[in-house]
Amino acid sequence: MPKMSLLNKVFEAYNAHRVAFSQTEAIAAIAVSAIASDGYLLEQETERVIVLLSQMDIFKGYSEKQITNMLNRLLNTLSEKGINNLVATANDSLHPEYKETAFMLATDIILVDGVLSGKEQTFLTRLYQVLEISTETASAIFQTKSEIHQVTKKKSKKYRINQNPEK
């Protein structure tokens, strides 16, 4: 019995420190995670995130400054807690109807520079699994975004999301 009580206390302490995000923060957290997935923070990616978020209906009424401040807070959270914790918290907070939108946004952000690194591909694979998006849906989203960016970035190549994530 004492072990169970101790375990309960540990979980209570853990849950007390978990942060819940609003829907806008959860979507922005996925965007921040996508930016950081390759280990580099490119100005081009950050600018793209601000533009993409400001065009979303859920961000109507947010100024560019408010979005930038939100991204900065989330980047601080990322540096303190890590990418996996940021994505997990965002996923826990995100309503199901926004999960595909969040994946689409992450894919767009990652492909904006016309290159898909191994780290970015791994991130997208994990992201669609964490968000519980089907492989077929994730692949269709990726294919669509890949084609869009191939038009604007001639040097880009087609990449596919790993169909067999189990190792």
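Pick out, in residue order, every one of the chymotrypsin sites (Phe, Trp or Tyr not before Pro) in segment 39-96 that is DSSP loop and has at most 16 other C-beta atoms within 10 Å; say none if there are none. Here the chymotrypsin sites (Phe, Trp or Tyr not before Pro) that fit, given the DSSP loop and packing criteria, are Tyr40. Among the lysines of segment 2-152, pairs at least eight places apart or on separate chains and with Cα atoms under 29 Å apart come to 13.
Among Val115, Val87, sorting on how many other beta-carbon atoms sit within 10 Å of each Cβ, with the fewest leading, yields Val115, Val87. Which whole-number percent gives the relative contact order of segment 2-152, counting Cα pairs below 8 Å spaced six or more residues apart? Contact order relative to length: 32 percent. As a proxy for reagent exposure, Met56, Met70 were ordered by neighbouring Cβ count within 10 angstrom, fewest first; the result is Met56, Met70.
Arg73 to Thr122: extension gain in nm, 0.36 nm per residue of separation minus the Cα-Cα distance? Full extension of this stretch gives 15.2 nm more. Taking each residue as 0.36 nm, the span from Lys81 to Thr101 lengthens on full extension beyond its C-alpha to C-alpha distance by 4.8 nm.
None of the figures in this text is laboratory data; all of them are computed from the coordinates on show. Only a predicted model underlies this, so the values are computations on that prediction, with no experimental measurement involved. Cβ sites come from the backbone with ideal geometry, for glycine too, and all protein chains shown count toward neighbours.
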